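Colleague: This is the structure I want to talk about, given as structure tokens.
The values are calculated or read from the model by the stated rules, or taken from the named source; none is laboratory data. The shown structure was predicted, so the numbers you read here are calculated from the model rather than taken from an experiment. Don't worry about glycine lacking a Cβ; one is built from the backbone with ideal geometry, like all the others, and counts go over all protein chains shown. Areas reflect the complete protein model, heavy atoms only, side chains present, ligands, DNA and RNA absent. Shrake-Rupley method; radii C 1.70, N 1.55, O 1.52, S 1.80 Å.
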Amino acid sequence: MLDWDDLRFFLALSRHGSLSAAAKVLHVSQSTVGRRLNSLEATLAVRLLNRTPEGYVPTLAGEEVRRKAESLETEALALERDVTGRDSHLRGLVRVTCAETMAAHLLAPSFAGLHSRHPDIMIELIPNPRELSLAMREADISVRMRQPEQNDLVVRRIGGIAFGLYATSDYIKERGDLNFDDGCPDHHLITQMEDSQEMTQSAWLTEMASRSRVVLQTSSHEAAVLAAANGGGLACLARFRGDEEPRLVRMDVPTEPPSADILLLVHKDNRDTPRIRTVLTHITESIQALDHLLQPPGANDEEVRAVGA
């Protein structure tokens, strides 16, 4: 008899292309993923995935099985959301995904207060630069800085994040003051990867310092903060992180970097589940209470280094 669990493992492997990636999503070992694939192929008596240098690729039979398995998955998830949506108890697991810096500096510190009020709600906080699927129950709630590509989501803006340009004083002494009119030649840039949530800020930086050289790209905001704080170059950073790093100085710039919205996302079928609704409310209130740090005034105070100073 066909085992639905085997199909679930097959879907993860066909989507993510490697045993390690599928195992990470499913929270199991790589050997378990491989064993489940072998079990499914033995049951159906057909090869479903070919292993290539680029990863696991579905065969023709695998493509057909994947289409049908995805239809089953959609129905199963819809049933699960319908049942859990009727749960009236403030207990159980709520998975929250967001970027690494937001998880460490904004959400994680706030969850102690949530637990004191609702001890039976357990949070699984998943820092991830990629957008996890709420429809596929990879997470229940997502906190992001750009509009999602997924469908059937309820999206609400709950705040904003101001950005600034930062470097160390020693770096400026070594590389020279910033001449934005000339594109800041001889300077080094620390930017985000193209698929990151901070593409807009990185685009602003590369345009402002068009003659500078990108020396580091990363999908981690924390990595950018530490690289800049150790003299690695100029970085466009969230004010709430850059301002608190004592080694960094915020640069005066002709045009302020674009800010980012903080968006709270939940699947439409889950928004009324009591435990999820409670966590949504908590995150909203926590972010809004930090607005003075997330969007500080942009006055040219002593923390801002004037161009040419």
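Colleague: Just one of Leu134, Leu165, Leu106 is assigned to a loop (DSSP other than H, G, I, E, B) and among the aliphatic types (A, V, I, L, M); which is it? First the steps, then the outcome.
Modeller: On the way: Leu165 fails: assigned to a loop (DSSP other than H, G, I, E, B); Leu106 fails: assigned to a loop (DSSP other than H, G, I, E, B).
The match here is Leu134.
Colleague: Given the options Thr191, Thr206, name the one that is surrounded by fewer than 17 Cβ atoms within 10 Å (Cβ to Cβ) and within 12 Å of Leu165 (Cα to Cα).
Modeller: Thr206
Colleague: Quick one: in region 212-256, of everything that is over 17 Å from Gln295 (Cα atoms) and basic (Lys, Arg), which residue is surrounded by the most Cβ atoms within 10 Å (Cβ to Cβ)?
Modeller: Filtering region 212-256 for residues that are over 17 Å from Gln295 (Cα atoms) and basic (Lys, Arg), the one surrounded by the most Cβ atoms within 10 Å (Cβ to Cβ) comes out as Arg247.
Colleague: Tell me, which residue of region 140-176 that is open to solvent by 70 Å² or more (accessible area, probe 1.4 Å) and acidic (Asp, Glu) is farthest from the chain's Cα centre (by Cα)?
Modeller: Filtering region 140-176 down to residues open to solvent by 70 Å² or more (accessible area, probe 1.4 Å) leaves 146-147, 149, 151-152, 156-157, 170, 173-175.
When the remaining residues are screened for being acidic (Asp, Glu), the result is 149, 152, 170, 174.
Details: Glu149: 13, Asp152: 19, Asp170: 32, Glu174: 34 Å.
By that ranking, first place goes to Glu174.
Colleague: Could you tell me which numbered condition His16 fails, if it satisfies all but one of (1) open to solvent by less than 30 Å² (accessible area, probe 1.4 Å); (2) out of contact with any His (no Cβ under 9 Å at 6 or more places or on another chain); (3) within 22 Å of Leu134 (Cβ to Cβ)?
Modeller: Every listed condition holds for His16 apart from (1).
Colleague: Please specify each residue of region 262-293 satisfying the condition of being open to solvent by 70 Å² or more (accessible area, probe 1.4 Å) and touching a residue at least 40 places away in the same chain (Cβ under 8 Å).
Modeller: Lys268, Arg271, Asp272, Gln288, Leu293
Colleague: Test Val25 against the criterion of being farther than 16 Å from Glu70 by Cα, surrounded by 14 or more Cβ atoms within 10 Å (Cβ to Cβ) and in contact with an Asp or Glu (Cβ under 9 Å, 6 or more places away or on another chain), and give yes or no.
Modeller: Working: farther than 16 Å from Glu70 by Cα: yes; surrounded by 14 or more Cβ atoms within 10 Å (Cβ to Cβ): yes; in contact with an Asp or Glu (Cβ under 9 Å, 6 or more places away or on another chain): yes.
Judged against the criteria, Val25 is a match.
Colleague: Sticking with this one: What single numbered condition from (1) in contact with a strand residue (DSSP E or B) (Cβ under 9 Å, 6 or more places away or on another chain); (2) assigned to a loop (DSSP other than H, G, I, E, B); (3) within 30 Å of Met251 (Cα to Cα) fails to hold for Ile172?
Modeller: Looking at each condition in turn, Ile172 falls short on (2).
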